[in-house]
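Here's the structure, in structure tokens; my notes come after.
Read the figures in this text as sums done on the coordinates, not as results from a lab. Only a predicted model underlies this, so the values are computations on that prediction, with no experimental measurement involved. Virtual Cβ from ideal backbone geometry, glycine too; neighbours counted across all protein chains shown.
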Amino acid sequence: MFISKYKKPVDTVIALFSVSIMVMLVFCVVWQVVSRYVLNSPSTMTDEIARFSMIWVALLGAAYTVGLQKHLSIDLFTHQLSGRKKQISIIIINAIIGFFSTCVLIYGGYRLFYKVLATGQVSPAMQLPMAYIYIVLPLTGVIILYYSFLFIIDAVINLKRGAA
């Protein structure tokens, strides 16, 4: 597969980063439970960290899933196809995913990030600029778009070779 040398490093970074965030999320939730029920002094900061971590894990996990081609639409439509039809289907589906990623995640996410940055909105407990939280939207969009381009290029190469 042509794309593996371009895809694998991105997969590794996303997987390691997502696992790290997930570990932090679990730690925060456990500490929140301990501080609330054992120490009778709930930590407000861990609640925010857990919420923001969940946002990042969900979005980066979605990008990772697109990179694995395990997205529902990809599997549903291409599973029973073969040969030229499968490659064309892969191109169309990844073009749609890339279009969505560009319009909603990159463009919309950047607009949201910029507006929140301009207003100076901060989180209640940590006083962290909310723009830092929302930057994951365009970041995820760029990753998904990258994966979509790789899969489109691979499908076009397979079409030219006449491979299934």
Q. How high is the FRET efficiency between GLN80 and ILE157 when r is their beta carbon distance and R₀ equals 25 Å, given to the nearest 0.05?
A. 0.65
Q: Using only alpha carbon pairs under 8 Å that are at least six residues apart, calculate the relative contact order of the chain and give it in whole percent.
A: 29 percent
Q: Show which lysines lie in cross-link reach of LYS8 when reach means a straight Cα distance below 29 angstrom and same-chain residues fewer than eight apart are skipped.
A: LYS70, LYS85, LYS86, LYS160
Q.
For a Förster distance of 22 Å, can you work out the FRET efficiency between the beta-carbons of ALA95 and SER4, rounded to the nearest 0.05?
A. 0.55
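Can you put SER41, SER89 in order of Cβ neighbours within 10 angstrom, beginning with the fewest?
If I rank by nearby Cβ atoms, fewest first, I get SER41, SER89.
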Q) So who's got an amide H within less than 5 Å of the one on LEU128, skipping anything under 5 residues away but keeping other chains? H placed 1.01 Å off N, in plane. A) SER123
